[in-house]
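Let me begin by presenting the structure, written as structure tokens, before commenting on it.
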Amino acid sequence: MNAAVVVLLSLILSACGGNGGDSTGGEGQTYNWKFVTEEVDGQVQYEYAEEFAKRMNEKSDGAVNIDVYEFGGLGSETDQVEQLQNGAVELAIMSPGFTGNMVKEGQIFALHFLFPDSAEKTQEILNTSEALNTDLRKKYEEHSISPLAYWTEGAMQWTSSKEITEPADFNNFKMRTQTSPLILESYKAYNADPTPMSWSELYTALDRGTVEGQENPIFFIGDASFYEVQDHMTISNHNNYVAMTTVNTDWYNSLDEEMKSMVDETVKEMQEWVFEEQKKQNEEWLEKIKNDEENPTEIVELTEEQRKMFQEKALPVRDFYRNEVSTVDGEILDKLQEEIKSATE
Ligand code: 6CS
């Protein structure tokens with residue numbers, strides 16, 4: 001989207017609500033908030049925001065009204081980050097993969113094979129980790145973004161125009177990634193040629209061969225139709241797609257205690273809800289992709305031996321994160337690794 005249009009949209013959005021939305025004060029106070037997502041109707045992030053809005057409306061006896069925006073209307077993923085920062089929207093689902101140039105530490109989620117293979121264990125760690133929920137949150141808050149929760153949208157898989165089963169298959173392979181520099185670094189470790197872009201351009205880029213492959217959870221590969229313009233899907237489980245429920249920090253801090261508790265409580269309840277939602281969508285889409293005869297996809301699952309080859313190449317990226325990316329000498333990563341170790345022992 002044209003930058004001027006985005007600025008104009010942001011101004012209109014601010015004028016329509018601003019911090020805290022409509023406030024009539026005391027009894028009968030109403031709240032009108034905006035919640036932007038990076039996905040469209042039916043997809044996990046959008047469904048999350050709709051469910052969150054419904055619960056808040058019910059709990060507040062109709063006092064809280066949240067307008068949910070699907071991806072596209074308010075610009076690119078990075079435009080949406082700015083809208084949350086400047087308070088044009090109060091709430092956003094944000095992927096750390098689009099904030100890496102700003103919140104360096106948030107790129108921790110770009111590291112392959114860091115979290116356990118079990119999605120349940122991964123979610124448990126995302127829920128309880130002090131490294132993420134306290135230390136990383138502080139880093140985001142330096143930029144007016146408060147991540148209130150981290151949740152998985154499912155394990156990521158590769159789709160490609162040729163079969164990928166070992167690191168050598170990535171040699172000079174044109175791989176689409178999100179914009180965080182460490183994601184690009186993770187693919188350079190396999191000798192691939194990564195290109196960052198918004199997912200709004202990805203279907204066409206895959207179709208035209210501008211890029212040859214991409215990574216995403218299965219539901220997204222299905223719902224965004226990427227598999228229709230790709231021949232192969234590798235079940236690699238090389239990483240988890242992590243999304244964050246974020247709020248504008250000043251706005252959140254300006255809520256009265258009762259409203260803040262209602263937001264916190266709803267965010268907490270949503271963790272279990274969204275885990276089930278992503279699981280259902282990922283399972284359903286895997287079956288649909290397997291059975292789509294019009295758009296056949298060759299699906300291979302990496303063997304443990306093949307995964308080990310990728311793991312070996314991916315491990316040095318952690319040192320790169322510690323030495324070149326982290327602003328606190330890898331402290332958050334070290335703490336997270338300890339937490340992962342004790343959760344999986
Ligand atoms: O690949 C992407 O960029 C998109 N993938 C997901 C699962 N959600 C939104 C995001 O922008």
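The values are calculated or read from the model by the stated rules, or taken from the named source; none is laboratory data. The model shown is predicted, which means the values in this text are computed figures rather than measured ones. Here Cβ is always computed from backbone atoms with ideal geometry, including for glycine, and neighbour counts include all displayed protein chains.
Only one residue in SER186, SER180 is of a type in the set (Ser, Thr, Tyr), outside the structural domain of GLU70 (by TED's automatic domain parsing), under 29 Å from ILE125 (Cα atoms) and in contact with a Gly (Cβ under 6 Å, 6 or more places away or on another chain). Which one? That would be SER180, the only listed residue that is of a type in the set (Ser, Thr, Tyr), outside the structural domain of GLU70 (by TED's automatic domain parsing), under 29 Å from ILE125 (Cα atoms) and in contact with a Gly (Cβ under 6 Å, 6 or more places away or on another chain).
Residues checked against (1) in contact (Cβ under 8 Å) with a residue 12 or more places away in the chain; (2) under 23 Å from TRP251 (Cβ atoms); (3) of a type in the set (S, T, N, Q):
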site: ALA92; (1), (2), (3): yes, yes, no
site: GLY100; (1), (2), (3): yes, no, no
site: ILE108; (1), (2), (3): yes, no, no
site: LEU114; (1), (2), (3): yes, no, no
site: ASP117; (1), (2), (3): yes, no, no
site: ASN127; (1), (2), (3): yes, no, yes
site: GLU130; (1), (2), (3): yes, no, no
site: ASN133; (1), (2), (3): yes, yes, yes
site: ARG137; (1), (2), (3): no, yes, no
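Looking only at residues in segment 248-269 that are in contact with a helix residue (DSSP H, G or I) (Cβ under 6 Å, 6 or more places away or on another chain) and part of a helix (DSSP H, G or I), the one that is surrounded by the most Cβ atoms within 10 Å (Cβ to Cβ) is THR266.
Matching residues to (1) outside any loop (DSSP other than H, G, I, E, B); (2) touching a Cys at 6+ places or on another chain (Cβ under 9 Å); (3) farther than 25 Å from GLU265 by Cβ:
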{"residue": "MET102", "(1), (2), (3)": "no, no, yes"}
{"residue": "PRO116", "(1), (2), (3)": "no, no, yes"}
{"residue": "GLU120", "(1), (2), (3)": "yes, no, no"}
{"residue": "LEU126", "(1), (2), (3)": "yes, no, no"}
{"residue": "LYS138", "(1), (2), (3)": "yes, no, no"}
{"residue": "GLN157", "(1), (2), (3)": "yes, no, yes"}
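Restricting segment 187-220 to residues that are near the ligand (Cβ under 9 Å from one of its atoms) and part of a helix (DSSP H, G or I), which is farthest from GLY42 (Cα to Cα)? Ranking the qualifying residues of segment 187-220, first place goes to LEU202. Checked against (1) over 23 Å from THR266 (Cβ atoms); (2) crowded, with 20+ Cβ neighbours inside 10 Å; (3) within 15 Å of the ligand (Cβ to nearest atom), THR78 passes all but a single condition, namely (2).
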